[in-house]
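Reviewing the structure listed below.
What follows draws every value from the coordinates through simple rules; no lab data is involved. A quick note: this is a predicted structure, and the numbers were derived from the prediction, not measured. Don't worry about glycine lacking a Cβ; one is built from the backbone with ideal geometry, like all the others, and counts go over all protein chains shown.
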Amino acid sequence: MRIAVCASEGAPYAKSGGLGDVMEALPAALARIEGNEVALFLPYYKKIKENDKYEVQLVSQFQVSLGWRQQYCGLMKLTNRNDGVQVYFIDNEYYFGGRPGAIYGDMDDGERYAYFSRACLDAMVALDYIPDVVQCNDWQTALIPTYLKSVYRAKFPDTRCMYTIHNIEYQGWAHGNFFDDVLGLPWEYRSCLDMNGSVNMMKGAIETADLVTTVSETYARELMYPYYAHGLDGILANAAWKLTGITNGIDTNTFNPEADPALPAHFNADTFQQGKAECKAALQAEVGLPVEPDVPLMVMVTRLAGHKGLDLLCYIARRLLWEEKCQLLILGTGEPQYETFFKDLAAEYPEQCAAKITFNLGLAARIYAGGDIYLMPSKSEPCGLSQMNAMRYGTVPVVHATGGLKDTVPPADENGEGGLGFTFQSYNADDFLASLKRCLNLYNNNRDGFNALVKTDMSQDFSWDVPAGRYMELFQQMISW
Ligand code: GLC
């Protein structure tokens, strides 16, 4: 099958969050399936352009229409990736190459990604790569299904389109004028994209894609409710017949405690007691906590954003540190009130708490490996990847039972049996504390039970092979229509 994947980020080239990880591993898993041909289209951001590890060749140049605008596109083919995925970068100095700083956050992001979405389709035409299936992701590529159904139908008569929602919070809103000024779509598509007079690109994708997926089964159900759907519950309920949840995997080659070059010691499900103890001691020393092998080390690697459940952690943090002999380590950057809170907490309890307000992938890996307990009390979580990283590295998760956290962390009992971690049902700080205390109790009073749970966590298959197979089933289904 000929597959085109379009996304605004993909590791290792450009990544701001989980989407970047998925766009590294999913195309590769699809390419491993016999008979598939996979191309991945990404913007040619400044930091990719300036990284000489990536060897590229200019293969085509053309103009992209955007309302009254004609914008240049240089199509760059990556020539030194060898896992069967052919990467193409969309080069435009004005929209991507000449912009310093973060990937997103510019005032004209709507126009930048409208350009990108059309440029991907123009690139496929220029390459004469007419795919059976286009898979696109989140609001940044949400215009692709609408363009495919309208302006590009003649060039892609049999191509089917899957749209995947990784996070419904960011929908691609724009002023109503954006429809005529930038998109240049036929008038009859106005209602697809319209929401109360504004343009909502994600809504358009939900309506025009052949199938819609999201990144866990539970999140797919949650999206039927206003609490989770950020205004799109009605639209998704109407499209429920074409909505499927496929739980993400993780890249088990990158996240491998037996080989990860960032770790001071390596281990697997049989050797973790020794290996994790070494990683824990080194980690405590690295972050300036007392090196205490038997004090439970609770860790969190996260964007410091409200929906990650930080309000719950802030509410219970002091009580937790008073009542329990334990250590807490946080790594991440984000909203200033949380950065300040954790810096203050670390200054107040230097023996028990460390806060590293930075983005550091090596330290993140050492935290997954050196921690005992991984905290993820997210308010909502479409899938979540780090709870799976943590389990693969033998760190027991304590999570809010929502979205992908519910699907990947079935609850264990107080002996650590029958599940993979500890969970709480309602989004409430006392319930979070209670589940954390059940986990600490197991660690403190039944270490054999705790270690058996670690072993079970480490023995799970979180690879992309199963989810990639499910994507293929849906691709087949669309093609047969
Ligand atoms: C988004 C979601 C996260 C998910 C990731 C990859 O970042 O917030 O839950 O794991 O996308 O699909």
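Worth a mention:
- When LEU375, LEU405 are arranged by Cβ crowding within 10 Å, least crowded first, meaning fewest neighbours, the order is LEU405, LEU375.
- If R0 is 22 Å, the Cβ-Cβ spacing of GLU292 and LEU361 corresponds to a FRET efficiency of close to 0.25.
- Rounded Å value of the spacing that divides the Cα centres of segment 21-60 and segment 159-208: 26 Å
- Least to most buried among MET107, MET300, MET472 (fewest other Cβ within 10 Å first): MET107, MET472, MET300
- The angle between the Cα long axis of helix 272-287 and the longest principal axis of the Cα atoms of the chain comes to about 80 degrees, rounded to the nearest 10.
- Normalising the average separation of contacting C-alpha pairs (under 8 angstrom, six or more residues apart) by the number of residues puts the relative contact order of the chain at 12 percent.
- Between THR254 and GLU188, the C-beta separation translates, for a Förster distance of 45 Å, into a calculated FRET efficiency of about 0.50.
- Extension reserve of the ARG81-TYR94 stretch, reckoned as 0.36 nm per residue once the Cα distance is removed: 2.0 nm
- Of the chymotrypsin sites (Phe, Trp or Tyr not before Pro) in segment 1-68, the ones in a loop by DSSP (not H, G, I, E or B) with at most 14 other beta carbons within 10 Å are TRP68.
- Charge tally in the Cβ shell below 13 Å around ASN80, where Lys, Arg are +1 and Asp, Glu are -1, ASN80 excluded: 0
- Across segment 440-447, computed HN-Hα scalar couplings (Karplus, 6.51 cos²θ - 1.76 cosθ + 1.60, θ = phi - 60°) run 5, 4, 4, 4, 6, 10, 8, 5 Hz from first to last residue, x flagging Gly and Pro.
- Sequence-distant lysines (8 or more away, or on other chains) whose Cα lies within less than 28 Å of LYS242: LYS149, LYS155, LYS203, LYS379, LYS406
- With the convex hull of its Cα atoms as the shape, segment 272-458 has an orientation-averaged projected area of 8.8 nm².
- Distance between segment 117-152 and segment 287-311 - C-alpha centres, whole angstrom: 42 Å
- Here ARG470, ARG392 are placed in order of increasing Cβ neighbour count within 10 Å, fewest first, which gives ARG470, ARG392.
- Only Lys, Arg, Asp and Glu carry charge here, each on its Cβ (+1 for the first two, -1 for the last two); on that basis the chain has a dipole of about 540 debye about its Cα centre.
- Which of TRP241, TYR443, ASN196, positive extreme of dipole for the chain (C-beta unit charges): ASN196
- By the helix-only formula, in which each DSSP H run with n ≥ 4 contributes -39500 (n - 2.57) and the sum is divided by residues, the chain has a 222 nm mean residue ellipticity of -11000 deg cm²/dmol.
- In degrees, nearest ten, helix 310-323 long axis to first principal axis of the chain (Cα): 10 degrees
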